[in-house]
Amino acid sequence: MTSKSRLLVTRNFPLDVMARIRGTYDAVTNDDDHPMGMAEILKLSQDVDAILCAGTEAINSELISALPERVKMIATFSVGYDHIDVPAAAVRGIRLSNTPDVLTDATADVALLCLLGAARMAHMSAGTLRAGGWTRWEPNQFLGVHVTGKRLGILGMGRIGQAVARRAQGFDMQIHYHNRRKIEAPGLENAIFHETADSFLPVCDFLSINCPLSAETKYFVNDDSISKMPDRTVIVNTARGGVVEDAALIRALKSGKVAAAGLDVFENEPALNKDYLELDNLFVLPHIGSATVETRNAMGFMCLDNLDAFFAGKSLPNEIKAP
Ligand code: DGY
């Protein structure tokens, strides 16, 4: 009988995913799902062959260089991998995989939820109702920003950006995008490519952020870029909090330069900047982009497909390659 490979599983993933993990691997698990810091990850990694982590763990160069030689692969339960130092893993010869595609639709759905929730003041109107403050219908009450026919600027026209564009076309929005390159994608022939931020920002009646967090995109939304957007723009972020400088967005939401924001992600998650809480024009969610049973199962199974492929000596279907 061949012995099972040893796997450190840093989070308590969905039930069906955990069942498959336990069936295939000799797993070190985190049954109460407590946050694992570097010291604990290192301690539990001493006799494992691979790690299955999530976007919540910082797999930085310090951790990677301290991992024992035996650890040969890290699979992340996320499409984004800004929490992993990819070059440091390459230096150590550690293979990496992520979970593209399977969360595209769920995340794009939440982008539209944020867009509509922000534009139509869902937080304020629903909150007033729930607090017992809605006493009558009024012609000038809860007035939001009209969506139909507006220009939607998409920052990052990868899989999720394209799925957002397709959905937004259903609301008759005109699609503009800023991306490293022009894309050719069925159904998006009318989407307008902007090579520079200076050409892109002035058309953003709405801005949807769908790019990875990188040195290039960090704080893309700041005082300067907001000043170049149309007055009363609506900003939506379902990508990574670090693309938006919270302090700048808060200033713009307070002044009304930005009419509303819909955020599924923000800086320093899960600690939301307290100044946001005073704003009625913010629709905010706790990073639920991929949070459907189907999607989270598919993400977990994709991680396991990659780990299984690794241990079978096959190529990884979703390998993260060093730049
Ligand atoms: C992702 O997959 O990157 C989501 O943000 C969940 O972490």
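The values are calculated or read from the model by the stated rules, or taken from the named source; none is laboratory data. Note that the coordinates shown come from a computational prediction; the quantities given were computed from them, not determined experimentally. When we count neighbours, we look across all protein chains shown, and the Cβ atoms used for this are built from the backbone with ideal geometry, even at glycine. Note: accessible area is taken over every heavy atom of the protein model, side chains too, but ligands, DNA and RNA are not part of it. Shrake-Rupley method; radii C 1.70, N 1.55, O 1.52, S 1.80 Å.
Failed condition for Val236, given (1) over 30 Å from Ile51 (Cα atoms); (2) in contact with an Asp or Glu (Cβ under 7 Å, 6 or more places away or on another chain); (3) within 16 Å of the ligand (Cβ to nearest atom), with all others met?
So Val236 meets the others, but not (2).
Output the residues belonging to region 68-86 that are within 16 Å of the ligand (Cβ to nearest atom) and either part of a strand (DSSP E or B) or farther than 20 Å from Cys211 by Cβ (or both).
Hits for region 68-86 are Ile74, Ala75, Thr76, Phe77, Ile84.
Go through region 58-67 and report how many residues are part of a loop (DSSP other than H, G, I, E, B), surrounded by fewer than 20 Cβ atoms within 10 Å (Cβ to Cβ) and more than 16 Å from the ligand (Cβ to nearest atom).
Total meeting the criteria: 1.
Does Asn318 meet the test of being open to solvent by less than 10 Å² (accessible area, probe 1.4 Å) and either on the phi > 0 side of the Ramachandran plot or within 14 Å of the ligand (Cβ to nearest atom) (or both)?
Criteria not met by Asn318.
What's the number of the condition Thr24 fails, among (1) of a type in the set (Val, Ile, Thr); (2) crowded, with 17+ Cβ neighbours inside 10 Å; (3) touching a residue at least 40 places away in the same chain (Cβ under 8 Å); (4) away from the ligand (no atom under 15 Å from the Cβ)?
(2)
When residues of region 92-115 are filtered for being without any contact (Cβ under 8 Å) to a residue 60 or more places away in the chain, assigned to a helix (DSSP H, G or I) and more than 15 Å from the ligand (Cβ to nearest atom), how many remain?
Residues flagged as without any contact (Cβ under 8 Å) to a residue 60 or more places away in the chain, assigned to a helix (DSSP H, G or I) and more than 15 Å from the ligand (Cβ to nearest atom) within region 92-115 amount to 2.
Exactly one condition in (1) more than 30 Å from Glu40 (Cβ to Cβ); (2) away from the ligand (no atom under 16 Å from the Cβ); (3) not in a helix (DSSP H, G or I) is not met by Ala126; state its number.
Of the numbered conditions (1) more than 30 Å from Glu40 (Cβ to Cβ); (2) away from the ligand (no atom under 16 Å from the Cβ); (3) not in a helix (DSSP H, G or I), the odd one out for Ala126 is (3).
Does Ala89 count as within 16 Å of the ligand (Cβ to nearest atom) and part of a helix (DSSP H, G or I)?
no
Report, by residue number, each residue of region 27-57 that is modelled with pLDDT of 95 or more, open to solvent by 60 Å² or more (accessible area, probe 1.4 Å) and within 16 Å of the ligand (Cβ to nearest atom).
Within region 27-57, just Thr56 meets the criteria.
Considering (1) under 19 Å from the mean Cα position of the chain (by Cα); (2) open to solvent by 30 Å² or more (accessible area, probe 1.4 Å), say which one Asp224 fails and leave the rest.
It fails just one condition, (1).
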